[in-house]
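J.: One structure, pasted below without further comment.
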Amino acid sequence: MQDHRFDTNLLKSLLTTKRFGSRIFYFDVLDSTSNKAKKLAKEGIDEGAVIIASTQVKARGRMEREWQSPEGGLWFSLVLRPPAMELHPLTIIFGAAISAVIEAISSVKCQYHWVNDLYVNDRKLGGILMEGRFRGMEPEYVIVGIGINLNFHAKDLSGEFNAPPTTLLDERGEFTASTALLAAILNRLEKEYDRFLEEGPTEIIHKYKNRCVTVGRKVRIINSGEIEEADAEALDLTEDGGLMVELGTGSRGILYSAERLILLDS
Ligand code: BTN
């Protein structure tokens, strides 16, 4: 078993950021890095603080689903303090940016599945959970929780999954340097976040469109607005991060969220 401990000094030395990673908190065990990040955010910690845990014992994914976080994974949360704006597209931008970094570092083709998943070979490699506290329209803070199945085997995960899980170790057959990967992710996310704040989502979403595994695929939509369950074709991403779909009836619509979106065979 390799030593998966983070080297926080190495992480600091690899960062080229101004804010992301300005404070780094590392723990062997936490209930959830996002819970810890929320606590720190409520206490007034600056934007860019990063909370990392080697293992999490009560981590969650979207819809309060359990998120298994054994040793060897990359489990971290980032504190943001964005101005009042539509934040939905940020999940897509971050997912796409992380998929690009994973691919560059590991040479494994990695994509994002709308709206918050990281996929390799139609299997789930990781996910993003955005949670915020708002005063009216004004976000007091946003916590971006990111989980990537890295240096362990998917067979070590148990339970039922919406999509079969995979890990980078399974996909590439070798370990990935987690500190270097996290540094590269934070460097890229800060760049994209600043661009998003400056010019909005349109150009960035366009730039990353070909990283989206969902577009062009048949999907099963579960609980999205008025749709309880329906099969559809995912046609395109909209410039604000929606997913344009065509239902079997021929009618078209734009999704902004769904309890589940299952990729069907291509
Ligand atoms: C999903 O796919 O539903 C999102 C999964 C997000 C998991 C990460 S791991 C780090 C952070 N802490 C948590 O409790 N959840 C997120």
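The values are calculated or read from the model by the stated rules, or taken from the named source; none is laboratory data. Predicted model, so just to flag it, every value in this text is computed and none were measured. Every residue, glycine among them, receives a Cβ derived from its backbone with ideal geometry; neighbour counts consider all protein chains shown. The accessibility values were calculated without ligands, DNA or RNA, using every heavy atom of the protein model including side chains. Shrake-Rupley method; radii C 1.70, N 1.55, O 1.52, S 1.80 Å.
J.: What whole-number value in Å² describes the accessible area per residue of the chain for a 1.4 Å probe?
T.: Roughly 46 Å² per residue, with all protein chains present.
J.: Name the shape class, rounded, prolate or oblate, that the alpha-carbon gyration tensor gives for the stretch 214-263, where a ≥ b ≥ c are the square roots of its eigenvalues, rounded holds for a/c under 1.5, and otherwise prolate holds if a/b is larger than b/c and oblate otherwise.
T.: rounded
J.: Under 5 Å between amide H atoms, partner at least 5 residues away or on a different chain: which partners does residue 65 have, H built in plane at 1.01 Å?
T.: Under 5 Å from the amide H of residue 65: no residue qualifies.
J.: Give me the percent of accessible area attributable to carbon and sulfur for the chain, probe 1.4 angstrom.
T.: Summing carbon and sulfur atoms, their accessible area is 46 percent of the total for the chain.
J.: Once label points are set 7 Å from the Cα along Cα→Cβ at both residue 202 and residue 137, what is their separation, rounded to one decimal in nm?
T.: A separation of 1.9 nm, rounded to one decimal place.
J.: Using a 1.4 Å probe, how large is the accessible area of residue 199, given in Å² and rounded to the nearest 10?
T.: In the full protein context, residue 199 sits at about 100 Å².
J.: While we're on this one: With a 1.4 Å probe and all protein chains kept in place, how do 6, 27, 134, 20 rank by accessible area, largest first?
T.: 134, 27, 6, 20
J.: Separation of the stretch 105-133 and the stretch 202-266 by C-alpha centroid, Å?
T.: Taking the Cα centre of each part, the stretch 105-133 and the stretch 202-266 sit 16 Å apart.
J.: Classify the stretch 8-210 as rounded, prolate or oblate from the Cα gyration tensor: take a ≥ b ≥ c as the square roots of its eigenvalues, call it rounded if a/c is under 1.5, otherwise prolate when a/b beats b/c and oblate if not.
T.: Cα axes put the stretch 8-210 in the rounded bin.
J.: Top to bottom by accessible area (1.4 Å), largest first, where do 94, 175 land?
T.: 175, 94
J.: I've got another one for you. Heavy atoms of the protein only, probe of 1.4 Å, neighbouring chains included. What is the accessible area of residue 62 in Å², nearest 10?
T.: For residue 62, solvent-accessible area is about 60 Å².
J.: Here's a follow-up. Keeping every protein chain in place, order 193, 26 by accessible area at 1.4 Å, biggest value first, i.e. largest first.
T.: Sorted descending by solvent-accessible area, the residues read 26, 193.
J.: For residue 238, what residues show an amide H to amide H distance below 5 Å, using hydrogens built from the backbone and excluding near sequence neighbours?
T.: HN-HN under 5 Å from residue 238: 243, 244.
J.: Could you check which residue among 140, 71, 229 shows the biggest mean-square fluctuation in a GNM of the chain with a 10 Å Cα cutoff?
T.: So, out of 140, 71, 229, the one fluctuating most is 229.
J.: Under a GNM of the chain (C-alpha, springs under 10 Å), which listed residue has the highest mean-square fluctuation: 51, 146, 105?
T.: 105
J.: Here's something else I'd like to know. Dividing the Cα convex hull volume of the stretch 97-207 by residue count, how many Å³ per residue is that?
T.: Output value, Cα hull per residue: 129 Å³.
J.: Here is a follow-up. On a C-alpha basis, how far is the centre of the stretch 148-173 from the centre of the stretch 8-87 in Å? Whole number, if you could?
T.: 21 Å
J.: Once amide H atoms are placed 1.01 Å from N in the peptide plane, what residues at a sequence separation of 5 or more from residue 150, or on another chain, have their amide H within under 5 Å of its amide H?
T.: The list, which skips near neighbours in sequence, is 73, 74, 168.
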